[in-house]
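The values are calculated or read from the model by the stated rules, or taken from the named source; none is laboratory data. On a predicted model such as this, the values are computed, not experimentally measured, just so you know. Neighbour counts are summed over all protein chains in view; Cβ atoms, including those assigned to glycine, are modelled from backbone coordinates with ideal geometry.
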C-alpha cells in the first residue's frame, strides 16, 4: 500500500507497519492526532498503525496524512535515561494524578447528584471515576515504593529488570485504559448536553484532560521506559 508523505516526513516514518508507540516516541505531537480519533497509543502502543486505524474505523490514508502534517517536536521526556524518566513520571504525572483524582471524583459526585435525573448515564460516569481512582492511586504508590526502585537497582547493577513486576504494571495499565475507554463511550466523547451547567462542563473537560495525561503517562512507561529495559 502506498503511504502518503510530505516533504518533511519520510515514507518510513509513516510505514503502516510501524507501531503507535514508535510513532509517538518519535514525535510526541502525534499523540494529539491519535487522541482525536480515539486511538489508544499507550496501552495498545504495540499495535501497528494499520491495525489501529482498522480497529478504530479510521481511514488509513487520511490518518497518515494527518500524522505527516504534524511538525517535528522535541519531547525531552522520551529521551531521558531510565532513572531520569522515572523521576519525571513521578514528579509530573503522579503529582498530577494525586491532585486531580480526588477533585474529579468530588465533581463527578456533585454533577451526578444534580443531573442524573435527566442524564442517568452520569451514575455510570461517577462509578467509573471512582473505579479509575481506586485503580490508579494504589498503582502509583506501588510504582514509587517497589517497582521503580527495583528497576533502578537493576539498571545500577546491570541486571535484567524485574519482568514479573513490569508485567504487573502493564496489566494495571490495560485495566485503567479500559475504564477510560468506557468513560469516553458512556459520556459520548465527553459531550456536554445543552442543559449542562458549568460544573458539568468542568467535569467533562477535566476527564478529557485526565485521559490525555494518563495516555501520555502510560506511553512513557510502556513504550519508552520498559522498551529500554532488558526484561
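Every test in (1) touching a strand residue (DSSP E or B) at 6+ places or on another chain (Cβ under 7 Å); (2) at pLDDT 95 or above is passed by residue 69 save one, and that test is (2).
How many residues are out of contact with any helix residue (DSSP H, G or I) (no Cβ under 6 Å at 6 or more places or on another chain) and touching a residue at least 12 places away in the same chain (Cβ under 8 Å) if we restrict to segment 189-206?
Adding up the residues that qualify gives 9.
Summed over segment 39-64, the residues that are under 18 Å from residue 211 (Cα atoms) and loosely packed, with under 15 Cβ neighbours inside 10 Å give a count of 1.
Against the conditions (1) in the same structural domain as residue 211 (by TED's automatic domain parsing); (2) assigned to a helix (DSSP H, G or I), residue 118 satisfies every one except (2). If you go through segment 20-34 and keep only what is over 18 Å from residue 79 (Cα atoms) and at pLDDT 80 or above, you end up with 33, 34.
Looking at 150, 131, 106 in this structure, which one is within 29 Å of residue 36 (Cβ to Cβ) and in contact (Cβ under 8 Å) with a residue 12 or more places away in the chain? Exactly one residue qualifies, and that residue is 131.
Against the definition (surrounded by 12 or more Cβ atoms within 10 Å (Cβ to Cβ) and assigned to a helix (DSSP H, G or I)), how does residue 156 come out, yes or no? Judged against the criteria, residue 156 is not a match.
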